[in-house]
1. Please report the relative contact order for region 8-145, taking Cα pairs under 8 Å with a sequence separation of at least 6, and give it as a percent rounded to a whole number.
2. From the mean inverse distance of alpha carbon pairs (Kirkwood) and the Cα radius of gyration, derive Rg over Rh for the chain.
3. Taking the mean number of other Cβ atoms within 10 Å as a proxy for protection, how do you rank 112-122, 28-38 from highest to lowest?
4. How would you order 131-143, 94-106 from highest to lowest mean count of nearby Cβ atoms within 10 Å?
5. With N denoting the number of residues in region 43-114, provide Rg(C-alpha) divided by 2.2 N^0.38 Å, to two decimal places.
6. Run the helix sum for the chain: -39,500 (n - 2.57) per DSSP H stretch of 4+ residues, divided by residue count, reported at 222 nm to the nearest 500 deg cm²/dmol.
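Every read-out reported here was derived from the displayed coordinates using simple, explicitly stated rules and does not represent laboratory data. Bear in mind the structure is a predicted one, so any value in this text is a computation, not a measurement. When we count neighbours, we look across all protein chains shown, and the Cβ atoms used for this are built from the backbone with ideal geometry, even at glycine.
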Amino acid sequence: MTTAPLPRVMFLCTGNSCRSQMAEGWARHLFAGLLDPCSAGTRPQGLNPLAVAAMREVGIDISTHTSKPIDDCQPASLDLVITVCGHADENCPAFLRQNPRTRVLHQGFDDPPRLAADARTRAEAMLHYRRVRDEIGAFVRTIPTLLASPRDTRGITE
C-alpha cells in the first residue's frame with residue numbers, strides 16, 4: 001500500500017534567519033507527520049540566535065536549521081508557499097507563482113531584528129521576538145484550513 005505524500009509547505013522570507021525559521025519550527029512541531037514544511041530565503045543570511053532562543057522558550061528546537069535558498073526546498077513539489085515578509089512577497093520568484101501545483105499566499109509579520117535594533121538589553125530585544133513568535137505560531141495553526149480552502153484565495157493580508 002502506498003501512502004500519499006504529505007502536503008509540502010514553504011515559508012519564504014528574505015534572509016531565512018528569523019520569521020520563516022520560526023514558522024518552519026512551529027509547523028514541524030504542530031504537524032509532524034501531517035505536513036512536510038521547509039523554509040527558505042530570497043537572500044539567505046544565517047540563523048538568528050535570538051530566534052533560536054525564542055523558540056527554545058516554547059520547547060521547539062530550531063538550532064539545527066540552516067538558512068537556505070529556495071532551490072533547497074524542491075520548489076516544483078510545493079503545494080503552498082507562504083511569504084512572511086513584504087520583501088519576499090514582492091520578490092517571490094515568478095516560477096513559484098506560475099506552477100499550477102503551488103499556491104502562494106502572503107502573511108506578513110513584523111521583523112524582530114529590526115524592532116529590537118534599539119533594544120538596550122537582550123531581555124528587551126526578546127520581547128519583540130516572543131511577540132512575533134507567538135503571532136507566527138497562531139498563524140501556523142491555521143495551515144490545515146488554508147490547505148483545504150479554495151485555490152483562488154490569493155492572499156491573507158498585506
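1. Reported as a whole number, the value is 27 percent.
2. Using only Cα positions, Rg/Rh for the chain is 0.96.
3. 28-38, 112-122
4. Ranking, from highest mean packing down: 131-143, 94-106.
5. Compared with the compact-globule rule of thumb, region 43-114 sits at 1.23.
6. -10500 deg cm²/dmol
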